[in-house]
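Note sheet for the following structure.
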Amino acid sequence: MRGPRAFLRIWAGSLAGLGFLAVAFNLAVDPYEVFGTPRMAGISLFKPITKNHAMLAKTNQVARFHPATVVIGSSPIHIGIDASTPVWPEAMGPVFNYGIPGVYETSTSLRILQEAVATGGVKSAVVFLDFQNFFSPEDPDPALLEADRRFRSLPDGNPNPDSRMQRANDMFLSVATAGALIDSVTTVALQRRPNVLDLASDGSGTEADFIDAARNDGMHDLFAQKDAAEAVRAAKLAPVMAGWRGPLPDLDAVAAIVAFARARDIGLTLVIAPHHVDALELYWRAGLWPRVEQLKTELTALVAAQHGAVTLWDFLDYSSFNIEPVPAAGDRRTPTSWFWEPTHFKKQLGDVMIQRMFGRSAPAFGMILTADTVAVRNAEIRAARRSLVCERKQPVLTALESPPTDRCVRIETPNRPT
Amino acid sequence: MLFNSYIFIFAFLPPVLAVFYVLGARSREAALSWLIAASLLFYAWWRPLNILLIAPSILINYGIACYLKRIGHSNPAHARVVLIGGVVFNLCFLGYFKYIAFGEQALNDIFDAGLPLTQVILPLGISFITFQKIAFLVDVHAGRIERFTFREYALFVLFFPQIIAGPIVHYREMMPQFKVASCRFDAEDVSVGISLFFFGLAKKSILADPIGRVIGPLYDHAASGVPQSLADAWIAALGFTLQIYFDFSGYCDMALGIARLFGIKLPVNFNSPLKARSVIDFWARWHITLTRFLTAYIYMPMTLYLMRRRAANGQPARRTRDAKVATFLGLLAVPTILTMLVSGLWHGAGYTFILWGLLHGLLLCVNHAWRLIRPRIWPDTASYNRLAAPAAFMLTFLSVVFAMVLFRSPTVAGAAMLWKGMIGVYGAAMPRAILSHLGPIGGLLVQLGVQPAWTSGTMFVGAAARIGVLLFIALALPNTLELLALYQPALGVKPAGAPGRLLRFVAWKPTGTWAVSLACVALAGILSLGELHEFLYWRF
C-alpha cells in the first residue's frame, strides 16, 4: 500500500492525463464538425454522428465553406439534395446544403438564410417549402432556442449578443463531455462499416440510413411507417385548418424570406417540395387538399408581387415521379427510383429537380407557378388524381388500400383572404 | 448550487477547502467560521432571497432553544408549552411555504371554492432544515443537548454538504465531531472524501440521468391519457425506480464525501434498499435518516399516546403475537399509516405523494401483520428465511416498483394508466423491427397477442439493456459503503466481519490501482456534466 498521499498524487495525475487525452481525441475526431479538423481515413473520414447534430454541424460548416448558393429546407433536402452534384450550373457554385432534419418550421428557413448570408458571398438561395408547415400556426418561443443563440444575428437582423458565448459553449461541449467522447469513439468504430452515414463538408447528407432500412425491412415497410405518421399528422392538422380564415399560417415567414433576399440582392428560388402520392392521398382524404391549392395560389400572389425577382417552383403533383409504385410487403430486394418513403425523395430526384430548375434540359417534372398558370395547374392535378386514384380498379398505394370515400375530386372553395 | 455542476466542483469546493485548511492550520475557530460563511454562500447562490427567508426562522429557533435550556428543569410544564409552540412554528413555516398552494388547490377540487392559488417562493431544502430544527428543539427539551452556542447552532443547521437534501442529522452526532475536528488537510480523509464524491457523481450523471431521459416521455404520455403497452409501462416503472435509486444514492455519496473532506462523517442515509427482503427492511435502508426522524418524533410518540389511552380505557396496550385485530389496528396500523402519510406529504405537496405515502403505510401494515402471523403458520424461522427469501425479495421489489409509479407520475390518473399498462390492460406491443428480427420467436409473440408497433427498436432495446445493467449494479454489486467500509465512510459503518470474496477483492484502499480507477470514474462523471440535471430529492 502506498498510502493516501501517494493515492492523491496518482489520482490527480491520472485525472489530468486522461482528461487531456479525452479532449485531444475529441478534437482530432471532431464528431460534430465544429472545428473542421482535417478528416483522417479510418478515423474520421465519415461523420455519422452529425445526424443528430445537424444544426450545430452545418452552422459551423457554412462559416468555413463560404457558399455562393445555399439550399435550405428540412430533412428531405438534407438527404435528397446533393450540393456537389455536377448538375448544378457552374455559375451557382460552390453550393451548400443547409437542410436541417428534425422539427422544422418555415421561419427557421429565414434564420438559416440570415446565418448563411452572414458568412458573406451568398448570391443565390433555394428554399424548399413543406406544404404541411402551412397548415399549423407556429408557436413562437419568446426565449431563444439553442440554435438561435448560436446564430450571428437576431431575427430582426441586429447582432446576436449570445452568439459568442453559445459558440464557446458548443466548442467546450464538443471536446469536454462524455457524450462527445462516446460519439468520437462511435465515429471511429463506424468508419469501416459499409454504407456509413456521413455529412459532407458542403452540408450534404447521405442516404445510408434509408439504404440500411430498405435492405433490412423493405421499401414497403418504409412507406407504411411514414404513411402511419403522416396520417396522424394530417388528422391533427385538419381540425386546425377547418375553421381557418385568412392567409395561411407561415405565409408571413415566406414573405420575410423574400424581403430579406431582395434587400440583399440574393437570387431567390422558392420550391414546393415533392411528395409521393401516398402522402398526397392522405392529405386529400383529410380534406386538406383545398388548402394545398390555397397555398399555391397565395404563394403565387406573393411571388408575382416581386416582378420576376423570385421564382416559385411546384413539384407537388401527380407526375410519373411522384406516383411510382411501391414494392410489395416482404420484398426486400426491389428498389424504388425516386422516393425512400412518402416525404423523402432520393438524390436522383433531387438531381432531376436541380436540372429542371437551373439546367438546360430535364424531364417534364414540376412547373413554375405564376398568376397565369396556378389555376390551370390546380385543375390539372385534380384531373390527374381522378385518373390515378378514382378510376383505378386496383389499389396503387402502399398503406392506403381502402378506396377513397370523398367522391375523389369534389373540391370545396377554400376560405379566401379577407 | 448543485453538487453536480462545474461551478461547484471547480470554482466553489476547491477554494473553500483550501481556505479551510489554511485557516485550520492557524485557528480551528476561524476555519469553522469560514465554513459557515461558505455554507451561506452555497445556500444563497441559487437565490439570495433564500437566506432572507430562512434566517429569521433560524434565529427564532435558536431563541426558543435558549429559552428551553434556561427553563427546562425549573418549569417542565412551561417548557412543554414552549416546545409545542416551537414545533408548531416550524410546521407552520413549512406549511406556508410548501403546502399553501396545494391546500388551496385541494379546497378548490373538493368544494369548488374558486380560491386563487398563492404563489410562494419555496426556500431550498426547507423540508430537511425544518425537520432538523424540530429535532434540535426536542433534543434540547429532553436534555440531550446541554450546551450550544449560536455559532455551533448555525454550523449544525447550515453545514452545506447536508443543508439541501440531507441526511437529516442530529446535533448530538455532529457537534462532537466539529469540536474535535482538526480542520487541517488529512490525506486519508481527502482520499475517502473524493472517492465517495466521485462515486456519487458517476451514479448521478452516468447511471441516473440517462434513464430519466428515457422514461420521461412515457410518464408524460400516460398523464396526457395515452395508454401504455405492457413493455412500455414496465420500462417506465422500473426505469424510474432505478433513476431515483441511483440519483439519491449518488447524492448521499456526494454529501458523505464532501463532509469527509472537512473531516466530518455524516450518518448513513442509503444502504442498497432494492436488496430489501421486506418493506420494513426497505425503509430501514431507504432515506434512513428520514425514517429515523419519523420513527422517533412521530411514530413513537403517537404509539405511546395510543398505548396510554388504551391502557387508561382498560384495553390491551401491548402489541404481542396474540394481539387481537383491534389492538393491531389501534396500536400499529393507525400510527404506521399516519406516519407514512406524513412521509408522503413531506416528499411533496400533491395527491400522488399522499397516495404514495398511504400505499407504503399499507404495505408496512401487511408486513407487520405477516410478521405476527407467520410464526403460527410457519414456525421454523430458519427454513422460512432460507426458502422464502427469494419470494420475499421479489414481492418487496415489485411492491416498491409499483408504488414508485405514483412518486413519478404528474397525476394520479397517469399513475393508474401506467398500472393498468403494467398488468396488460392495454395489451402488449413491441417494435415491428424487433419482432421481425426475432424470427420464429417473433411470430410466436405475435400469436400470443403482442402487437407490432411503429416504434423505435433501437430505443426499446437501449432502454431494456440499460435497465438490465442498472438492476445488476443495484442488486448484485457491493455498495459504496461496503466498498469503503475499512475507512468508515459514514457514522456507524464498520467493516463486515466476514466480507465475501468479491468484496475482499474490490474493497477500496488507497492503492495505485484504485487511484487510476477512481480517476476514470471521476473523469466520466465530470465529462457527463455537459447538461445539468437536478437531483430529484432537491425538490422536497
*Does anything in the range B:268-305 have its amide N under 15 Å from the 7 Å Cα→Cβ label point of residue B:387, and if so which residues?*
none
*Round to the nearest 10 and give me the degree value, 0 to 90, for the angle of helix A:178-190's Cα axis relative to the longest principal axis of chain A.*
70 degrees
*Measuring from label point to label point, each 7 Å out along Cα→Cβ, what is the residue B:91 to residue A:171 span in nm?*
5.8 nm
*Once the Cα atoms of helix A:289-304 and of chain A are each reduced to a long axis, what angle between those two axes, in degrees from 0 to 90 to the nearest 10, is obtained?*
80 degrees
*asked:* Treating only the Cβ of Lys, Arg, Asp and Glu as charged (+1, +1, -1, -1), what charge dipole size does the range A:207-390 show about its Cα centre? Round to the nearest 20 debye.
replied: 300 debye
*Find the relative contact order for chain A and round it to a whole percent, using C-alpha pairs within less than 8 Å whose residues are 6+ positions apart.*
20 percent
*asked:* Of all beta bridges DSSP finds with both residues in chain A, what is the antiparallel percent, to the nearest 5?
replied: 25 percent
_Per-residue Cβ counts within 10 Å, from other chains only, averaged over A:175-184: what number is that?_
4
*Can you name the helices of chain B, as whole DSSP H runs, whose Cα span along the helix axis is 30 Å or more and whose Kyte-Doolittle mean is not below 0.5?*
B:49-71, B:230-261, B:351-377, B:381-408
_Whichever aspartates and glutamates have a C-alpha closer than 15 Å to that of residue B:179, once near sequence neighbours (fewer than 8 apart) are set aside_ = B:29, B:146, B:152
*Name all residues of the range A:9-47 having a backbone nitrogen under 20 Å from the label point set 7 Å from the Cα of residue B:517 along its Cα→Cβ direction, giving them as ranges.*
A:9-19
*Determine, for B:158, B:355, the number of other Cβ atoms within 10 Å of each Cβ, and report the residues in order from fewest to most.*
B:355, B:158
*List the trypsin sites (Lys or Arg not before Pro) within the range A:1-105 that fall in a DSSP loop (any state other than H, G, I, E or B) and whose Cβ has at most 12 other Cβ atoms within 10 Å.*
none
*Please sort B:183-196, B:134-147 by packing, taking for each peptide the average over its residues of neighbouring beta carbons within 10 angstrom, highest first.*
B:183-196, B:134-147
*With the contact rule set at Cα under 8 Å and sequence spacing of 6 or more, what percent relative contact order holds for the range B:28-159?*
37 percent
_Those chymotrypsin sites (Phe, Trp or Tyr not before Pro) in the range B:35-97 that DSSP places in a loop and that have at most 10 other beta carbons within 10 Å_ = none
*Looking only at other chains, what is the average number of their beta-carbon atoms within 10 angstrom of each beta-carbon in B:183-192?*
3
*Using Cα positions and a limit of under 20 Å, work out the aspartates and glutamates in reach of residue B:204, with same-chain residues fewer than 8 apart set aside.*
B:247, B:253, B:482, B:531, B:534
*Starting from the Cα of residue A:368, move 7 Å in the Cα-to-Cβ direction to define the label point; list residues of the range A:309-344 whose amide nitrogen is under 16 Å from there.*
A:309-315
*Using 0.36 nm per residue of separation minus the Cα-Cα distance, give me the extension gain between residue A:158 and residue A:216 in nm, one decimal.*
16.0 nm
*Once you put a point 7 Å from the Cα of residue B:325 and another 7 Å from the Cα of residue A:259, both along the Cβ direction, what distance in nm separates them?*
7.8 nm
*At a Förster distance of 45 Å, what's the computed FRET efficiency of residue B:46 paired with residue A:195, Cβ-Cβ distance as r, to 0.05?*
0.35
*Calculate, in nm to one decimal, what residue B:473 and residue B:119 gain on full extension: separation in residues at 0.36 nm each, minus their alpha carbon distance.*
123.3 nm
_Compute the angle between helix A:374-385 and the longest alpha-carbon principal axis of chain A, please, reported from 0 to 90 degrees and rounded to the nearest 10._
90 degrees
*Build a GNM of chain A with springs between Cα atoms under 10 Å: which of A:23, A:271, A:126 gets the top mean-square fluctuation?*
A:23
*P(r) tail for the range B:6-184, what percent of Cα pairs lie past 31 Å?*
26 percent
*Indicate, rounded to the nearest 5 percent, the antiparallel portion of the DSSP beta bridges found entirely in the protein assembly as shown.*
20 percent
*What pairs in B:98/B:275; A:58/A:123; B:98/B:203; B:265/B:509; A:51/A:346 have C-alpha atoms more than 25 Å from each other?*
B:98/B:275; B:98/B:203
*When Cβ neighbours within 10 Å are restricted to other protein chains, what is their mean count per residue of peptide A:338-350?*
0
*For n ≥ 4 DSSP H runs only, could you compute -39500 (n - 2.57) per run for the protein assembly as shown, divide by its residues and tell me the 222 nm figure to the nearest 500?*
-18000 deg cm²/dmol
*asked:* If amide hydrogens are placed 1.01 Å from N in the peptide plane, which non-local residues have theirs closer than 5 Å to the one on residue A:153?
replied: A:160
*List, largest first, the extents of the alpha carbons of the range B:435-504 along their principal axes, each in whole Å.*
55, 21, 17
*Report the dimensions of chain A along its three principal axes from the alpha-carbon atoms, largest first, rounded to Å.*
87, 53, 43
*residue A:12 to residue A:236: extension gain in nm, 0.36 nm per residue of separation minus the Cα-Cα distance?*
75.0 nm
*Mean Cβ count within 10 Å, highest first, over the residues of peptides B:159-165, B:13-19, B:255-261*: B:255-261, B:159-165, B:13-19
*Hey, with R₀ at 45 Å, roughly what FRET efficiency would residue B:491 and residue B:411 work out to, going by the Cβ-Cβ distance, to 0.05?*
0.70
*May I ask you to give the average projected area over all directions of the convex hull of the Cα atoms of the range A:207-390, in nm² rounded to one decimal?*
11.8 nm²
*What translational D, rounded to a whole number of µm²/s, comes out for the protein assembly as shown from Stokes-Einstein when the hydrodynamic radius is the Kirkwood one over Cα pairs, at 25 °C and 0.890 mPa s?*
75 µm²/s
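Throughout, read-outs are computed from the coordinates displayed, never taken from laboratory work. This one's a predicted model, so the numbers in the text were calculated from it and none came from an experiment. All Cβ positions, even for glycine, are placed from backbone atoms using ideal geometry, and neighbour counts span all protein chains on display.
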